[in-house]
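Quick note: the coordinates plus some simple rules give every number you see, no bench work behind them. What you see is a predicted model; the values in this text were computed from it and never measured. Positions of Cβ are generated from backbone atoms using ideal geometry, with glycine treated the same way; all protein chains shown enter the neighbour counts.
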Amino acid sequence: MTSLGSGPARRSRHLTASPRLGTHTLTAGRGLLFGGDYNPEQWPEEVWIEDVELMRAAGVNLVTVGVFSWARIEPQPGARDFGWLDRVLDLLGSAGIAVDLATPTASPPPWLGHRWPRTLPVDESGHRLWYGSRNQFCPSSPAYREKALAIVTDLADRYAGHPALALWHVGNEYGQVCHCGDTAAAFRTWLRERYGDLDALNEAWGTSFWSQRYGEWAEIITPRRAPYMINPTQQLDFWRFCSDALLAHYRAERDILRERTPDLPITTNFMGLFKPVDYWAWAPEEDIVSNDWYPDPADPLSPARSALTHDLTRSLGGGRPWLLMEQATNGVNWRPHNLPKPPGQLRLESLQALARGADGLCYFQWRASRFGAERFHAAMVPHAGPETRLHAEVRAHGNELRGLASVAGTPVPAKVAMVHDWASWWALEERGRPSDRLTLPDQLLRFYRPLWERGVTVDLVPPSADLTGYALTVVPNLYLISDGDAASLTEYVHRGGVLLVGPFSGVADPRGHVRTGRFPAPLREVLGASGEEWLPAQEDRPVRCHWADGTGFTARIWTELMAAEGAEPVATFADGDLAGRPAVLRHESGAGVAWYVATVPEADGLSELTARVLADADVTGALPELPPGVEAVRRGPVLFVLNHGDETRRVPIPYPAEDLLTGSTADGTVTLAPRAVVALRPLD
Ligand code: GAL
């Protein structure tokens, strides 16, 4: 089928607030960024001197300071102690290390909760959450807002002209949820703006169900713990509200910084596929998108999951380079059983992010804490000190990045889009569905993995994106879809795009109401197929499916009773009540093709399906042949090949090239030991 143009040309919707303040403002004169969270308030000042020497030796050129320093800067309400922070910034500045200065508002001091208990968050059971940890604030608390903005103002006033200051880091990993009275009041205000009057709210929330009709605004509360299942639209709107309330707070801090330092970029650290916050709405509000990412060494799918997360992060910034703000050099301490990383793994994971568009590779944290909840979390300098295997790896990795400086700022082109929407995720995973085993992150990864295995780069997009330029658009799940977004997916196919849609998509409207008629109602015409029953599968009975040639695959979790209405059933269910019914359908529609999958195929089935869909879209991977566990991705002129497996692999390469990491040249094939990476620049 026709491929649409030569590259993505959409994105006006997610331009960052100030594109002139991208990562280039940081990399100019520095090259790729390398560093981590630096918490000098945990150490005597003699240690700072050693820190800076070690940082220089390790090629560190950016550190994040002050994330958890509120109590140190403001030991009592209204007091200010900036002296120590002045010395930290001066020291770093004199060593040529740039500072990513954090507003310290993620962890208020105990005095805030003690004197202003209404700043403390309340959980869904109405219990207050206390200080003694971190993150204990209510995003809608006027007192929290006032104190937070006061310290941000003073911080910005004090350091606005400091030569070490290069980037602002607002808060930390926003995600707080609160059910207090102030939050309920703010929720009602948000709902008034959304619905205007109570009749509209009652209609949207479907309150004729279970006698839930609201007679006055004061009756409306957040979805607190209730005897049985909560109204799903109330819950959906609360997800929307929480993301917006946090964003309002982020914006208030950001505006103070921007006013005082209009030429410095601003970021806040995201957490990949983090459910509570709609990053499509957030990303345009920052200058640089940054992400924290902690792949689980125990999870065999980590390499693909990481690639998906990095592709999402790049896509949130409209394709611009981003920062890996936090990763771990070794085991973390917050999983129940924390596997370490084998030698070479920290480098492999870091270079994977670079290959997928990161201009900066940073860690949590510089020096391992001796005390506190994270005393067993890995760091760039472990408890055993700098003369260690781990620190030697950190130092070698930091220094090798100089050879890759030319990669900074270069793009990662993609011909495939994958649609992801937070509101649909929230609605999909509400209680009371046919099966709670169909979850969004799993569906995204299932459809992403066979693309990744073929070296096909993917951009993540919101459902409203302009898909012009993408030859293939994959919709692993879009349970909730607006009429307009369904129409634009249809239009995309009619104009020549190839669309692949996963099960239980197009089911609900933006209120979360089930669309009546055969499903997926708004995509029925483009798919040339429709269904009438959702049929979760029995766990102990794998679902067999056949391709037309008689070969087959196994599916699980979910099936649907579908009928072709113009589409060709390319795979059918093999047995049971659905025997002979379509499991996968392909429909030529206008100048394009639409595919629908009415079940959850296991990996081999999805792999075969992906091969067929890619052939329709005329998309090939970065390399024609990729052994298992080997990843290939192009960034600018450089082809990165990474071996995530435990076996040495020989990979054919299309042209003679220089490996920017070693300076050696390769022709014909490259040999990659386990955890090896090459960064191949074609030889002229
Ligand atoms: C992040 C957080 C850091 C640190 C790290 C540990 O969520 O931003 O402050 O706690 O996790 O993995």
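Could you calculate the contour length gain from E46 to S435, that is, 0.36 nm times the residue separation minus the distance between their Cα atoms, to one decimal place in nm? Intermediate values should be presented prior to the final figure.
Numbers: separation 389, 0.36 × 389 = 140.04 nm, distance 5.79 nm.
Extending this stretch completely gives an extra 134.2 nm.
Local charge sum around D421 (other residues, Cβ-Cβ under 11 Å, Lys/Arg +1, Asp/Glu -1)? List each step's numbers first, then the result.
Numbers: positive: none; negative: D278, D485.
Once all neighbours under 11 Å are counted, the net charge is -2.
The GluC sites (Glu not before Pro) found in the stretch 151-239 that occupy coil by DSSP, while having at most 13 further C-beta atoms within 10 Å, are E216. Of all lysines in the structure, the ones whose alpha carbon falls short of 29 Å from that of K147, not counting any fewer than 8 places away in one chain, are K275.
By the Cβ distance rule (another cysteine Cβ under 4.7 Å), the unpaired cysteines of the chain are C180, C242, C362, C545.
Rank these for me by crowding, Y492, Y596, going from fewest to most other beta carbons within 10 Å.
Numbers: Y492 24, Y596 31.
Listing Y492, Y596 from fewest to most nearby Cβ atoms yields Y492, Y596.
Among the complete DSSP H segments of the chain, which ones combine at least 18 Å of alpha-carbon extent along their axis with a mean Kyte-Doolittle hydropathy of 0.0 or more? Both cut-offs are met by 603-617.
Could you work out the helix-only [θ] at 222 nm for the chain, with each DSSP H run of four or more residues adding -39,500 (n - 2.57) and the total divided by the number of residues, to the nearest 500 deg cm²/dmol? It would help to have the intermediate numbers written out before the result.
On the way: 18 runs with 203 residues, N = 684.
The helix contribution divided over the chain gives -9000 deg cm²/dmol.
As a proxy for reagent exposure, V412, V678 were ordered by neighbouring Cβ count within 10 angstrom, fewest first; the result is V412, V678. Put in line by how crowded their Cβ is, counting other Cβ atoms within 10 Å and starting with the fewest, S94, S482 read S94, S482.
Bridgeable aspartates and glutamates around K341 (alpha carbons under 14 Å apart, same-chain partners fewer than 8 residues away excluded): D296, D299, E349, E393, D646.
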